[in-house]
1. May I ask you to rank A:77, A:239 by accessible area, largest first, using a 1.4 Å probe over the protein chains only?
2. By how many degrees, 0 to 90 and rounded to 10, does the Cα axis of helix B:176-185 deviate from the longest principal axis of chain B?
3. Could you work out the equivalent-ellipsoid semi-axes for region B:153-261, taking the square root of 5 times each eigenvalue of the Cα gyration tensor, largest first, in whole Å?
4. Which aspartates and glutamates, on any chain, are close to residue A:339 with Cα under 18 Å apart, when same-chain ones fewer than 8 places away are left out?
5. Given a 1.4 Å probe and no ligands, DNA or RNA in the count, how much accessible surface is buried by A and B, both sides, to the nearest 100 Å²?
6. With a cut-off of at most 10 other beta carbons within 10 Å, and DSSP calling the residue loop, which GluC sites (Glu not before Pro) in region A:191-292 qualify? Please list them.
7. Under a GNM of chain B (C-alpha, springs under 10 Å), which listed residue has the highest mean-square fluctuation: B:147, B:49, B:114?
8. Taking the alpha-carbon centroid of each part, what is the distance from region A:89-108 to region A:280-307 in angstrom?
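The values are calculated or read from the model by the stated rules, or taken from the named source; none is laboratory data. Bear in mind the structure is a predicted one, so any value in this text is a computation, not a measurement. A quick note on method: Cβ atoms are made from the backbone with ideal geometry, for glycine too, and the neighbour counts reach across all protein chains shown. Side chains are part of the model used for accessible areas, which takes the heavy atoms of the whole protein and leaves out ligands, DNA and RNA. Shrake-Rupley method; radii C 1.70, N 1.55, O 1.52, S 1.80 Å.
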Amino acid sequence: MTLVSFAPTGPVAAMAWPSVQLDQSEIAIGRNPASGLCLLHRQIRFNHAVLRTEGAGLYLVAAEGAFLGTAADPQQSARLAHAGDTTQIGPFILTVREVTGDGNVTLSVTQTNDMEPDEGALAQIYLRVFNVALPNVRLWALLLSCGLVVIFFAWPLLSMQAAKHDNGDMQRGGPSFSEPSFFPPPWGAASLWNVGAISRAHSGFAANCSFCHQTPFVPVRSSACLACHRDIGQHADPSVAPAADLRLQRCEHCHHEHKGQTIATRDSQADCVACHGDIRRIAPETSLHDVLDFGTNHPQFRPALVLDAGLRTTKRFDIGDLQAEDHSNVRFTHAGHLKLPKLNRAGRQDVCGGCHVPAPGGVTFKPVQFDDACASCHSLQFEPQHPEWRLPHGHPEEVASRIAGYYARAALAGEVFDRPNTEPFYKPGVPPPPPPPTGTDLVTYKTEAAMMSTIARSTCGECHVTIPPAAGQPNDAWRIAPVFVPDRYMPSSLFRHASHATSTCQNCHAAATSNLGAISLLPGIGTCRACHAGEAAPASRISSSCASCHRFHDDSLMHLAPADTATFTGGRAPPSMPAKELQ
Amino acid sequence: MTRFSSAAALPIHRSFLVWRNGIYAKAALLLTASCILLYALQHPTGPANGGTAVGYFLGTLAAILVLWLAWFGIRRRRYGGAGQLEGLLSAHVYFGIALMIVATLHAGFRLHWNVHSLTLVLLSLVVASGMFGSYAFWRYPQLMTQNRASATLTSMTAELATLDLRCRQLALLFPDDIMSLVHETVAPGTAHFGMADLVWGRRHNQVHRNNLAAIARVQTQLADRQAATPSEVLPLVQSLTQRLILMERMYRDWRYRALMLQWRAIHVPLTIGLIVALAIHVIVVFYDW
């Protein structure tokens, strides 16, 4: 019989474990409340070890999976036979205090410092866990700011400088479309500054900002535009309308880049009407009429008719002006031709296309050529005996020699040409007609007769204005007056025939009744207004502002050459500026 | 005397959002409406953008608003000075929202991959975070009061510590696996909250799920074993449940406090970034004029 008593000391001194009789059985040690020695600590297993006697001694044996001693020096069993024998179980230290003569053992039990945390410390830890603290916003702000400056300011700036130096051609004044190599797109950071897509036309040098933005903090100068657009013209003659002198304006006033695939251009009707609503206010000497809106207040069209075909000058007349004269020097009426059954067969829709072929681009028609349009009817024969003889069209200086040549060959062949016989019967007392000429006489006679009849009257004169030889000039001959048929009678408009191809020719051109030349063939404003209204058009009609038909820049006027615009402070036009008739 | 009587006539608490009958809300609305009208009535060449006359005007207005609104961040740290802070906060909120509209009109509703759009995006984030901050300051204080139910953070942490120790102590009486489970669950180290807990709330909270799982497993294992008597099991389950409820309350409390504070972690640095981006935007626009 062995009685084991437990003597708690140290931190567990308050505990009171009952003494246990150790018989054949064992004393269980663990957290199990049924144990002989119940040690409540998280490092102690539910059934941690047993105390048992073996032979003369008392042994502490660890259960399977548990151990005695420290984690650094684990043991499976420990002998507790003599006073002073000690072992460790979890944080508890068991020491044999004394062994009495009858075998009773007293074990002192104490605990190392591995205690549960106290409430106060735990609460402090939880205070930290549930604490809320703002991160270092100053640090984040600083990092963000530095990042922004580096990526969005320094990098694009360096990238653009590299591009500028790469592009040496531009410095020499010529446009260069080479891409910068230092930061080639799309890695060139210049796009980080780009306010919007660059138009297709300018995309070739889009990576090189300094191509247009030549000086920092200075708005794009017009000279940058005019370096390429050398031929762009004035809007009006500055001597007539000084206020409209474009050298007083920047291109950017109306044209905006970085607005997408096309250049955004200021073309509202209100901008035009600001001057053209009362045009004499800024141009007192102009012959232009005021205009407010195409649909409601626009002057009748005034086509430019030929004034002098030789000089190619024109004069403007109102549509419907019966006094209008067209000196194109062609004798032709549409009405006369369209009456011909050959041309005006019933059901023939392409009667116009027989002579008029659209020019490439669709704006106008190709000039009507004699060989294509006229020769099938107008054969240019001149000798009834020889219908195969033809005059050369377009070469009036060769006509006389060609005729003489035909007759010379005929004379050599012995052909006889009767004189025109005006009297069918010989009359008594009247001398008989001379015999038909032969040889040189034949050639001279027939050539003169042919020249008179063909050029002056029938063959050439039928269509052309002919000029007789000057009196007293024996070497002078019949001449064809120079012909000038403009391809466009309203050059200030942007009318495009191809855009109106869904309509028939007769819808606009009264060709069947046109017997006064161009002035009776051209449509008036009423014809256009059938479909086109002004800028504010109802849904049933087409909205048409000024820019729909008119071009702002008149390239026939003085060019805004770079030399003129280097300073771009306005001033007078150079003296070499060609005068423009504003009729 | 007059001061006291007028002060007594004031309600105990009124939101900064309705300061002086929302006078700044009306002023900001008027400003916004004027800018929208101005934008609608212009006739720019090409698409509307910041480079037109109206665009320059709106841009200047927006830049001034940015700097004035940012100045509030300095002003709010000082006592005294011009105007009541509460009124300034009211103005800050409403003119901040108005600024968003003014800046969008200035940009002509266009966005590109450039520093100009970046400025607008930063502005949007600043305004959005500010709007959330306004919501948080309007909504969360009352939720916090309800949630705390007159407890304080200190009292709740002390209570939690007590419950922790009690759970750990009670768990010592149970077999090894249950004790380990409880000790692993009931420890300060298991309570840590991250961004996801802040953003998504309780439903996605790992701590909450761990606690629930621990209680379930304690109950299941004890029921399976039939070793422990109900008189031993009940106190542990009760304590674990109490701890779970308290933990949830403290988590909500933490989330409200965090949300009321952390939006400034976005608002303030982005405001500084916005001012820098704005400066770059202005310099760049005039550098490549």
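1. I get A:239, A:77, largest accessible area first.
2. 20 degrees
3. Numbers: eigenvalues 154, 41, 21 Å².
Ellipsoid semi-axes (Å, largest first): 28, 14, 10.
4. A:350, A:462
5. On the way: alone 36250 and 17580 Å², together 48950 Å².
When A and B are taken together, about 4900 Å² of accessible area is lost.
6. Values: sites: A:252, A:257, A:285; in loops: A:257, A:285.
When the GluC sites (Glu not before Pro) of region A:191-292 are filtered for loop state and at most 10 Cβ neighbours within 10 Å, A:285 remain.
7. B:114
8. Cα centroid to Cα centroid, the span is 129 Å.
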